[in-house]
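Colleague: First the structure, then my questions, so here it is.
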Amino acid sequence: MGKDRKIGVAMDFSKSSKMALEWTIDNLVEKNDTVFIIHVDPHSLDDSRNLLWSKSGSPLIPLAEFREPEVMKKYNVKTDIDVLDMLDTASRQKEVNIVTKLYWGDAREKLCEAVEDLKLDSLAMGSRGLGTIQRIILGSVTNYVVTNALCPVTVVKEPRFHKD
């Protein structure tokens, strides 16, 4: 197609978010697309230089910088080798641009803000598979984003949630 789409993947480094990334790479991205890895840290920022980013999120972080442990340490994000391998492979084989954007605060609100700020054409995210009671008490990030995001949202479930 070559439409230069902007595709977001919500990434909390859980198994389900890694599956969402894998699904997105295998089924959605095409040459010249930009994949935005969107990570939301629920903790507020203490560092004064980061206070500026608490509302707007971090500057866009290219894949080359996302690979550097020192850079990620600055943002208080642990490097995940599995995710980096998937991103490197996608970048080379599918010829896509990959950047990361970090936010701080409530994941539900920040993911919807990211859709607007980054002008995403699509967002993929994993599902933790909360039971009914947990979902009522904790609220479902996935449900909130599916309902409120201004773009199509694909929810990728772990295989254990599928019925035989």
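Colleague: Could you give each residue of region 107-123 its phi-based ³J(HN,Hα) in whole Hz, using Karplus coefficients 6.51, -1.76, 1.60 with θ = phi - 60°, and x for Gly or Pro?
Modeller: 4, 4, 5, 5, 5, 5, 4, 4, 4, 6, 4, 8, 6, 5, 8, 6, 9
Colleague: Straight distance only, please: which lysines reach the Cα of residue 55 with their own Cα at less than 28 Å, same-chain residues fewer than 8 apart left out?
Modeller: Output for residue 55: 6, 15, 18, 73, 74, 78, 101, 110, 119.
Colleague: Here's something else I'd like to know. Hey, what do the phi angles of region 22-27 turn into as Karplus ³J(HN,Hα) couplings, whole Hz, using 6.51/-1.76/1.60 and θ = phi - 60°, x for Gly and Pro?
Modeller: Running phi through 6.51 cos²θ - 1.76 cosθ + 1.60 with θ = phi - 60° gives 4, 4, 4, 5, 6, 10 Hz.
Colleague: If you don't mind, there's one more thing I want to ask. Please list, in chain and number order, the residues 5+ apart from residue 105 or on another chain whose amide H is under 5 Å from its amide H, with Hs placed from the backbone.
Modeller: Sorted by chain and number, the residues that satisfy this are 41, 43.
Values in this text are rule-based calculations from the coordinates and carry no lab data. None of these values were measured; they are calculated from a predicted model.
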